[in-house]
Amino acid sequence: MTYSIAFAALWTVWMASWGIAAFWASKPAKRPAATEERFYWLLTVAGAALMFFNFRRDGSLTLVWSTPDAVEWALFAVAAAGLAFTWWARIHLGTLWSGSVTRKADHHIIDTGPYGIVRHPIYTGILAAIYATVLLRPGVFGIAGAALLTVAFVIKLRLEERFLMQELGAEAYEGYRRRVPMLVPFWPVSRG
């Protein structure tokens with residue numbers, strides 16, 4: 001069960017460092033109404049709770065399959081790479097990062113580094129890590145949790161894109177949307 005400990009340590013270090021790093025973000029200049037953000041936060045908490053519940057259980061009745069050691073460590077590598085991708089994106093954003101949908105003073109479109117690969121690299125990295133974690137011990141609760149987290153992130157990123165189009169200019173943001181895929185690197189983007 002060393003993989004379970006490794007995964008727990010990976011997520012614990014990521015969550016702690018992510019929370020601490022929030023202190024370096026600049027203050028928001030504008031945010032959408034709090035009511036627009038409540039639903040995705042509810043889904044995020046529910047999804048994370050389901051994943052944790054799945055991981056903590058014995059699993060004898062809820063596991064869909066079990067994975068060999070080599071696959072477990074490969075999943076750990078995917079999770080670690082996903083979380084490293086989130087850090088690359090966060091460092092690249094600098095003080096423009098926010099845990100909620102906001103516009104910062106001097107906010108502008110970042111389309112370099114990980115933001116030249118996908119428009120939402122933090123969500124991409126977290127989702128890669130979530131699915132690698134769920135595949136480690138694939139149970140009903142974990143799969144449901146991952147699905148809820150995916151829905152929550154898609155709701156949040158669509159809100160974020162609508163908000164940024166209003167705040168930064170629809171024409172500029174639409175050009176970025178046409179050039180760079182939303183979540184999946186190298187996925188064809190809409191040209192119309």
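The values are calculated or read from the model by the stated rules, or taken from the named source; none is laboratory data. In this text, all values refer to a predicted model and were calculated from it rather than measured experimentally. Cβ coordinates were reconstructed from backbone atoms using ideal geometry, including for glycine residues, and neighbour counts include every protein chain displayed.
Selection of helices (runs of 4 or more DSSP H) fully inside the stretch 114-192 by the criterion of at least 2 residues being closer than 22 Å to residue 18 by Cβ returns 121-136, 140-168. Restricting the first member to the stretch 78-106 and to residues that are within 15 Å of residue 13 (Cα to Cα), and the second to residues that are in a helix (DSSP H, G or I) and of a type in the set (Ser, Thr, Tyr), the beta-carbon pairs closer than 9 Å and six or more apart or on different chains are 79/131; 79/133; 82/124; 82/131; 85/124; 86/123; 86/124; 87/17.
Determine whether the stretch 125-147 contains at least one residue that is without any contact (Cβ under 8 Å) to a residue 60 or more places away in the chain and over 14 Å from the mean Cα position of the chain (by Cα). Within the stretch 125-147, none of the residues are without any contact (Cβ under 8 Å) to a residue 60 or more places away in the chain and over 14 Å from the mean Cα position of the chain (by Cα).
The C-beta contact set for the stretch 8-21 (first residue farther than 20 Å from residue 53 by Cβ, second residue in a helix (DSSP H, G or I), distance under 7 angstrom, 6+ apart or interchain) comprises 21/90.
Checking each residue of the stretch 2-11 against the condition of being surrounded by fewer than 15 Cβ atoms within 10 Å (Cβ to Cβ), in contact with an Asp or Glu (Cβ under 9 Å, 6 or more places away or on another chain), at pLDDT below 80 and not small (Gly, Ala, Ser) gives at least one match. Each residue in the stretch 15-30 was checked for being closer than 20 Å to residue 160 by Cα and either touching a Gly at 6+ places or on another chain (Cβ under 6 Å) or of a type outside the set (Ser, Thr, Tyr) (or both), and 7 pass. For the stretch 72-101, which positions are over 12 Å from residue 22 (Cα atoms) and in a loop (DSSP other than H, G, I, E, B)? Matches in the stretch 72-101: 101 only. Checking 174, 161 one by one, the residue that is over 26 Å from residue 74 (Cβ atoms), of a type in the set (Asp, Glu) and loosely packed, with under 14 Cβ neighbours inside 10 Å is 174 and no other. Scanning the stretch 62-96 for residues that are buried (at least 19 other Cβ atoms within 10 Å of the Cβ) and at pLDDT 90 or above yields a total of 9. Scanning the stretch 108-148 for residues that are closer than 19 Å to residue 10 by Cβ and polar (S, T, N, Q) yields 124, 133. Tell me whether the stretch 44-51 contains one or more residues that are without any contact (Cβ under 8 Å) to a residue 60 or more places away in the chain and over 29 Å from residue 96 (Cβ atoms). Scanning the stretch 44-51 turns up no residue that is without any contact (Cβ under 8 Å) to a residue 60 or more places away in the chain and over 29 Å from residue 96 (Cβ atoms).
Just one residue in the set 139, 125 is of a type in the set (Gly, Ala, Ser), within 26 Å of residue 6 (Cβ to Cβ), modelled with pLDDT under 90 and surrounded by 15 or more Cβ atoms within 10 Å (Cβ to Cβ); that residue is 139. The set of residues in the stretch 122-155 being farther than 17 Å from residue 41 by Cβ and either of a type in the set (Ser, Thr, Tyr) or touching a Lys or Arg at 6+ places or on another chain (Cβ under 9 Å) (or both) consists of 124, 131, 133, 137, 139, 141.
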